[in-house]
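A short worksheet on the structure shown next.
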Amino acid sequence: MTLGLIVMFDEVTISRFLDKIEIDDNTGCWNWTASKWGKGYGQFSVNGHPMSAHRFSYLYFIGEIPEGLDVLHSCDNPGCVNPEHLWLGTNEDNIADKVAKARSGVGSDNPNAKITAETVLVIRELVGSGQVKQSEIADQLGLSRQGVSDIVNRKVWRHI
């Protein structure tokens, strides 16, 4: 049982599931070809209820998903439902995996970054030397004052 939904593994359901898979011989991924949710995760309907296709695959091929655990991808392909690429972990495990594989968008790699690592170093140097106030830097760079404070106090851009 998962999230109060009893998953039926009858022939029709399994056949419907398998019909929506395309195997990539290069990666070994079983790519979901049907409906997808945000960020590319497959969606599969079971007993009229939508669920993630990779969760269904894990339940069918491997077994139960204990409460509090997520089904994670070793291949980093959200559309993959290959049970050999799936593993159980906590949200913290997922974040650690993301960071370890440099997929976390840290610093300049974050698509929302407004500044570079070099700018961060200059900000810290100027504020640390007392040459410029944080509010002046914020105004000049179009950043929030809190954002500059977070940079100076290493709440963000900790890695440099």
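Full extension from S74 to I160: what is 0.36 nm times the residue separation minus their Cα-Cα distance, to one decimal in nm?
28.2 nm
Only four residue types carry charge here, +1 at the Cβ of Lys and Arg and -1 at the Cβ of Asp and Glu. Report the dipole size of the chain about the Cα centre in Debye, rounded to the nearest 20.
740
Once phi is turned into θ = phi - 60°, what whole-Hz ³J(HN,Hα) does the Karplus curve with 6.51, -1.76 and 1.60 give for every residue of the stretch 147-157, x standing for Gly and Pro?
x, 5, 4, 5, 5, 4, 8, 6, 7, 10, 6
For a quick check: with amide H placed at 1.01 Å from N, whose amide H comes under 5 Å from Q43's, ignoring anything fewer than 5 positions away on the same chain?
When sequence neighbours closer than 5 places are left aside, the close amide H contacts are S35, K36, W37, A53.
Divide by every residue of the chain the summed helix terms, -39500 (n - 2.57) for each DSSP H run of at least 4, and state the resulting mean residue ellipticity at 222 nm, rounded to the nearest 500 deg cm²/dmol.
Counting only the DSSP helices, I get -10000 deg cm²/dmol.
What percent do you get for the relative contact order of the chain when only Cα pairs under 8 Å and 6+ apart count?
Normalised by residue count, the contact order of the chain is 14 percent.
Using just the Cα positions, wrap the chain in a convex hull and report its mean projected area in square nanometres, one decimal place.
12.2
So how compact is the stretch 107-152: Cα radius of gyration and Dmax in angstrom?
10.1, 31
I want to verify a result. In a Gaussian network model of the chain, Cα cutoff 10 Å, which of these has the top mean-square fluctuation: S129, S57, S35?
Ranking S129, S57, S35 by mean-square fluctuation puts S129 first.
In nm, to one decimal, how far is the V122 label point from the E11 one, both placed 7 Å along Cα→Cβ?
For V122 paired with E11, the spin-label model returns 7.0 nm.
Using θ = phi - 60° and the Karplus form 6.51 cos²θ - 1.76 cosθ + 1.60, what ³J(HN,Hα) does each residue of the stretch 131-143 get, whole Hz, x for Gly and Pro?
Calculated HN-Hα couplings, in order: 6, 9, 7, 4, 5, 5, 5, 4, 5, 5, 9, x, 9 Hz.
Going by how many other beta carbons lie within 10 Å of each one, how would you line up S149, S144, fewest first?
Fewest-to-most ranking of S149, S144: S144, S149.
Would you mind calculating the gained length between V132 and I95 on full extension (0.36 nm times residue separation, minus the Cα-Cα distance), in nm to one decimal?
Going from the current span to full extension adds 9.7 nm.
Tell me, which cysteines of the chain are without a disulfide-compatible partner by the Cβ under 4.7 Å rule?
C75
Looking at the chain, which longest stretch skips every one of the GluC sites (Glu not before Pro) that is in a DSSP loop with at most 11 other Cβ atoms within 10 Å, leaving the sites themselves out?
Answer - 68-160.
Within a 10 angstrom radius of the beta carbon, how do C29, C75 rank from fewest other beta carbons to most?
Fewest to most other Cβ atoms nearby, the residues stand as C75, C29.
Where a number appears in this text, it was derived from the coordinates with a stated rule and is not lab data. Note that the coordinates shown come from a computational prediction; the quantities given were computed from them, not determined experimentally. Cβ sites come from the backbone with ideal geometry, for glycine too, and all protein chains shown count toward neighbours.
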